[in-house]
Amino acid sequence: MLIINEILGNINTDVKWEKLYSEPGGKGYVQTVMFKRKESERSRLYKKLPGFDQEIGINLKRGAILCDGDVLYYEKGEKMLVVKIEAEEMMVLHFAEKFHDDKMLELAVKLGHAIGNQHWQIKVAGGKIYVPIVIDKKVMESVMKTHNIQGVKYCFEEVVEEQISDRKSGFSHDSLHGHHQHKH
């Protein structure tokens, strides 16, 4: 078993690694290792290499997040292991237009209440809110229709990791719902 303790670089953001990935004949030794988004947010896991009986053990620092294009292993001329995050269908929300500050705050609070009460995880990127589908889409639509937040639009779409990539944070529940201090 090959144990991975660190991310060496990224072919999409590091010139050095992009060159090594792209060099003539290089593609023959590059292996893509597919991860689901949930897996990419775990710092410890096992993964079977595609087309081989070999497994890799991922043992990264707590809080590390794998991103599309991360280089997990490199042996010159022999093998390069590169991360690919699978596309995932998500509910994508955005504000219908630019509102004044008070209205934006009101909409954000209403949206936080609606999503937070469902305990759905979110990620904010590029002016949009991404919510992984964890229950039937009809239920998610029902929640949004019930709350009927005027000025917030949503749709369901395939999202690739590059759209929402941020090495510092994965999806979070805390973003909308605080510390779970419920008083009765």
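Structural remarks
- Close amide H pairs (under 5 Å, H built 1.01 Å from N) link A125 with Y130, residues at least 5 positions away or on another chain.
- Residue list for the stretch 117-148, given a label point 7 angstrom along the Cα-to-Cβ vector of K36 and an amide N cut-off under 16 Å: 121, 132-137
- Shown in residue order for the stretch 61-72 are the 3J(HN,Hα) couplings computed by the Karplus curve 6.51 cos²θ - 1.76 cosθ + 1.60 at θ = phi - 60°: 4, 3, x, 5, 10, 6, 10, 4, x, 4, 9, 8 Hz (x for Gly and Pro).
- Among the trypsin sites (Lys or Arg not before Pro) in the stretch 57-100, those placed in a DSSP loop whose Cβ has at most 14 other Cβ atoms within 10 Å are K61, R62, K76, K98.
- Nearest-0.05 FRET efficiency for N148 and L8, computed from C-beta distance (R0 41 Å): 0.25
- Applying 1/(1 + (r/R0)^6) with r as the Cβ-Cβ distance of E158 and K76 and R0 = 35 angstrom yields a FRET efficiency of 0.45.
- Nonlocal amide H pairs with Y73, under 5 Å, H built at 1.01 Å: L81
- The phi torsions of the stretch 123-128, fed into the Karplus equation with coefficients 6.51, -1.76 and 1.60 and a -60° offset, translate into couplings of 8, 9, 7, x, x, 10 Hz, rounded to whole numbers, with Gly and Pro shown as x.
- A Förster distance of 22 Å, applied to the separation of the beta-carbon atoms of K84 and E23, puts the FRET efficiency at 0.70.
Each value in this text was obtained by applying a stated rule to the coordinates, not by laboratory testing. Being a predicted model, the structure only gives us computed values, none of them experimental. Heads up, the Cβs are rebuilt from the backbone with ideal geometry, glycines too, and the neighbour counts pull from every protein chain shown.
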